[in-house]
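First up is the structure itself, then whatever we jot down about it.
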Amino acid sequence: MTRTSEQGGYVGRFAPSPSGPLHDGSLVAAMAGYLDARARNGQWLLRIEDIDTPRVVPNADRVIMGQLDALGMQWDGEPIWQSQRLIAYESAFQYLLQSKLIYPCGCTRQEIGRGPYPGTCRNGLPAGRAARAWRFRVHAGPVSFHDRWLGTQKQDVSRDIGDFIIKRADGLWAYQLVVVIDDAWQGVTDIVRGVDLLSSTGRQIQLAEALGYTYPRVMHVPLVLDEFGQKLSKQNHAQPFNCDQPIATLNRAWQRLGFEQLSGITTVQAFWAHAIPLWAARFQHLIY
């Protein structure tokens with residue numbers, strides 16, 4: 001049983017990695033998710049995705065919460081941290097193992113290269129090889145889904161990705177596994193995130209089906225690019241957005257989502273009071 005599914009209605013989430021403060025790129029995704037939830041009179045949950053412990057920056061989670069608070073983006077309920085959910089991930093892993101849907105892999109990244117995983121260990125570890133990671137057995141054929149921003153999508157996970165890792169060689173759980181488990185547990189009905197994660201959707205749908213979950217509806221919003229055409233990210237040393245000028249910061253993200261600047265707004269509360277109905281009017285027909 002998921003935690004919030006019995007309440008019904010819309011449940012969205014924002015799930016930042018605490019590897020540093022939020023920047024303009026992450027704000028666009030957060031704003032889209034927040035607007036979508038509030039336009040539907042739904043819940044907007046906060047999940048701190050700190051499962052990739054080598055990338056976690058101390059106190060970054062608290063900084064992120066402070067940034068959201070400064071912009072009037074209040075989440076519903078208590079935040080959760082993935083680092084507190086390890087038992088749930090292990091339980092799902094054991095279910096997949098018993099169902100013969102995962103297998104150990106002894107391949108290194110250098111051996112695999114950049115293409116799809118060739119299935120070297122699918123039928124057993126080659127002689128002399130020890131297990132390093134664990135992979136999920138994908139099924140052949142395209143996965144189709146509707147994206148509320150981009151329209152109908154098809155992804156052939158078997159052809160383009162191959163069997164993918166759910167437990168890493170360093171013993172950490174992979175993003176693809178934990179996000180599916182947590183979305184189901186929290187009763188998430190709608191995922192709103194950046195288009196850079198569009199390619200993960202087919203993998204996550206297959207995992208959700210294997211675990212007996214209903215996969216949420218999805219909306220993948222545009223990325224913010226730097227002057228070199230690269231995604232604005234913490235890895236590229238993107239600077240935190242300015243909390244001292246919240247209206248300008250909010251308007252910048254709002255315009256990147258394809259809306260005209262909201263003029264004459266002097267408070268954060270007034271910004272959201274104007275923006276939420278405008279979002280609802282534009283996306284009402286794209287709900288399902």
Looking at (1) without any contact (Cβ under 8 Å) to a residue 24 or more places away in the chain; (2) farther than 23 Å from residue 243 by Cβ; (3) hydrophobic (A, V, I, L, M, F, W, C), which is the one condition that is false for residue 65? (2)
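Do you know which residues across region 198-216 are open to solvent by 50 Å² or more (accessible area, probe 1.4 Å) and not acidic (Asp, Glu)? Before you say what the answer is, go through the steps one by one.
Here is the first cut: in region 198-216, the residues open to solvent by 50 Å² or more (accessible area, probe 1.4 Å) are 199, 209, 212-214.
Once the filter is applied, which keeps residues that are open to solvent by 50 Å² or more (accessible area, probe 1.4 Å) and not acidic (Asp, Glu), region 198-216 yields 199, 212, 213, 214.
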Just one of the numbered conditions (1) free of Cβ contacts under 8 Å to residues at least 60 places away in the same chain; (2) surrounded by fewer than 20 Cβ atoms within 10 Å (Cβ to Cβ) is not true of residue 23; which one? (1)
Can you work out which of the residues in region 67-82 that are surrounded by 14 or more Cβ atoms within 10 Å (Cβ to Cβ) and assigned to a helix (DSSP H, G or I) is farthest from the chain's Cα centre (by Cα)? 70
Can we say residue 190 is surrounded by 22 or more Cβ atoms within 10 Å (Cβ to Cβ), at pLDDT 95 or above and not hydroxyl-bearing (Ser, Thr, Tyr)? no
Could you list, in sequence order, the residues of region 46-58 that are touching a residue at least 40 places away in the same chain (Cβ under 8 Å), open to solvent by 10 Å² or more (accessible area, probe 1.4 Å) and outside any helix (DSSP H, G or I)? 49, 51, 52
Out of (1) at pLDDT below 95; (2) within 30 Å of residue 130 (Cβ to Cβ); (3) of a type in the set (S, T, N, Q), the odd one out for residue 91 is which? (1)
Give me a count of the residues in region 195-246 that are modelled with pLDDT under 95 and part of a strand (DSSP E or B). 3
Here the residues within region 84-126 that are surrounded by 15 or more Cβ atoms within 10 Å (Cβ to Cβ) and outside any loop (DSSP other than H, G, I, E, B) are 88, 89, 92, 93, 96, 102, 103, 104, 105
What number of residues within region 132-158 are over 13 Å from residue 199 (Cα atoms), open to solvent by 60 Å² or more (accessible area, probe 1.4 Å) and not in a strand (DSSP E or B)? 5
In region 159-180, what count of residues is obtained for those that are among the basic types (Lys, Arg) and surrounded by fewer than 20 Cβ atoms within 10 Å (Cβ to Cβ)? 2
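The values are calculated or read from the model by the stated rules, or taken from the named source; none is laboratory data. Owing to the predicted nature of the structure, the values given are computational and were not obtained by experimental measurement. So basically every Cβ, Gly included, is an ideal-geometry build from the backbone, and we count neighbours across all protein chains shown. We work out accessible area using only protein heavy atoms, side chains counted, and drop any ligands, DNA or RNA first. Shrake-Rupley method; radii C 1.70, N 1.55, O 1.52, S 1.80 Å.
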